[in-house]
Amino acid sequence: MPPKRLRSPSETAIRKCMRLQSTESCLIVTDHKRQPIGESLYEVANERTDDASIVRYPPGDQHGEEPPEAVAAAMRNADVVLAPTTKSLTHTRARSEATEAGARVATLPGITEEVFVTGLDANYGDIKEHCRDIYKQVTGAEHVRVQTDLGTDIVFRPGDREWRQDTGIVHDAGAMSNLPAGEVFVSPETANGTFVVDGTMMPHGLLEEGHTLEFEVEDGSVTEISDDGVREEIEAAAEEVGQDAYNLAELGIGTNVGVTELVGSVLLDEKAAGTVHIAIGDDHAIGGDTDAPIHLDGVIRDPRVTVDGERIDLPSGV
């Protein structure tokens, strides 16, 4: 039996975020490290539909690694998929093919019980409104500049790439969201400048006060990395895909006002209102054209964001 405290967030995910119907099939994809969360979601789903199932496979070695083909096939054939896994399935072909087949998918990469309870205890109607507000301010932008007092100064050019909203409301066929949710994001065509991460980034988790990670970006690729741990992860991916591992993959703006402090979980912290996050690596699943076995997000506190020269209003957050 899964812990009772997982019941309420599971109901939020199944009933509100996914709005699972009695006529639909639901697949829970998990691994042994996230099994209690998976079992709790399955328990609630099984009360909503007679066509609920759960599949477990060993955790992958890195985020974005493809699951076994049997798991991918099951995802393609489900109406609703929730994936509480140790390593992210968000940026995988399996997830892309599932949504292309019409599945509604929620990924919960690296989710912990604490983050599950905290992050799903949110008003997703409010989060949706904050997403809409930011989306209106950024959509159609020629360039977006992010600056901080710690040295971030980077300009993104979205080009023809589409801004997307991660609202946590996954009611339409082919839709996808992280849970917990709350961001507006784009995979830019190119970017140039410097960004300094002072929040959360793997493999470190939550950075200690005064500890920062600095990155130089030229023509949409990361050219310099100040941190050995991050560099080693990207170099390992580059052994497989070469320069694509250094791709500047994403600019995201957090909209979840329910996140009042960073806790060291990228999944939750990148959604925090009042932050931005910048990712390196894969972007094929979010509107880009780079297919890489890595997607590393770095969370940045207290940013100033200007769109075509006009500073935009960010929701109050951490």
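Computed from the coordinates by the stated procedures, all read-outs in this text should not be read as laboratory data. This is a predicted model, so every value here is computed, not measured. Using ideal geometry, Cβ is built from the backbone for each residue, glycine included, and neighbour counts are taken over all protein chains shown.
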Open item on the list: Which of Thr139, Thr112 has the fewest other C-beta atoms within 10 Å, and how do the rest follow up to the most?
Closed with: Thr139, Thr112
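Neighbouring Cβ atoms within 10 Å as the yardstick, rank Thr107, Thr85 fewest first.
Values: Thr107 24, Thr85 27.
Ascending number of Cβ neighbours within 10 Å: Thr107, Thr85.
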- [ ] Name the lysines eligible as straight-distance cross-link partners of Lys271: C-alpha to C-alpha under 25 Å, and not fewer than 8 places from it in the same chain.
- [x] Lys16, Lys33, Lys87, Lys128, Lys136
TODO: Starting from one equal scatterer on each C-alpha and no solvent at all, send me the Debye-based log10 I(q)/I(0) for the chain at q = 0.14 Å⁻¹, two decimals.
DONE: -1.03
Task: Unit charges at the beta carbon, dipole of region 128-215: most positive-side option, Trp163, Gly174, Phe185 - done: Gly174
Open item on the list: Using only the Cα atoms of region 124-311, what semi-axes does the equivalent ellipsoid have when each is the square root of 5 times a gyration tensor eigenvalue? Give whole Å, largest first.
Closed with: 23, 18, 17
Open item on the list: Limiting things to C-alpha atoms, what are the Rg and the maximum Cα-Cα separation (Dmax) for region 258-318, in angstroms?
Closed with: 13.4, 36
Open item on the list: For His171, His204, which order do you get if you count the other beta carbons within 10 Å of each Cβ and list the fewest first?
Closed with: His171, His204
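Treat every Asp and Glu Cβ in the chain as -1 and every Lys and Arg Cβ as +1, leave all other atoms uncharged, and give the resulting dipole magnitude about the Cα centre to the nearest 20 debye.
Values: 27 positive and 59 negative charges, 315 e Å.
Roughly 1520 debye, rounded to the nearest 20.
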Task: region 220-305 pair-distance distribution - Cα-Cα, 10 Å bins, rounded % - done: 18, 44, 31, 6
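At a threshold of 8 angstrom on Cα-Cα distance, excluding pairs fewer than six apart, so keeping six or more, what relative contact order does the chain reach in percent? Mind showing how you got there, number by number?
Details: 850 pairs, mean separation 50.6, N = 318.
Computed over the chain, the figure is 16 percent.
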- [ ] Please give the helix 124-138 orientation as an angle from the longest Cα principal axis of the chain, in degrees from 0 to 90, rounded to the nearest 10.
- [x] 30
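Of the peptides 141-153, 228-240, how do they stack up when ordered by the mean number of other Cβ atoms within 10 Å, highest first?
Per-residue mean Cβ counts within 10 Å order the peptides as 141-153, 228-240.
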Open item on the list: Relative contact order for region 158-297: what percent, with Cα pairs under 8 Å and sequence separation of 6 or more?
Closed with: 24
- [ ] Run a plain Debye calculation on region 43-138 (Cα atoms as equal point scatterers, no solvent) and give log10 I(q)/I(0) at q = 0.10, 0.12, 0.14, 0.18 Å⁻¹, rounded to two decimals, same order as the q list.
- [x] -0.33, -0.48, -0.64, -1.00
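Calculate the translational D of region 1-94 in whole µm² s⁻¹ from Stokes-Einstein, where the hydrodynamic radius comes from the Kirkwood formula applied to all Cα pairs, the temperature is 37 °C and the viscosity 0.692 mPa s.
Details: Rh = 13.3 Å.
Diffusion coefficient, whole number: 247 µm²/s.
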Open item on the list: For region 138-210, place one equal point scatterer on every Cα, skip the solvent, and apply the Debye formula. What is log10 of I(q)/I(0) at q = 0.17, 0.24 Å⁻¹?
Closed with: -0.88, -1.12
Task: Fluctuation leader among Gly64, Gly264, Gly254 - the chain, Gaussian network, Cα springs under 10 angstrom - done: Gly264
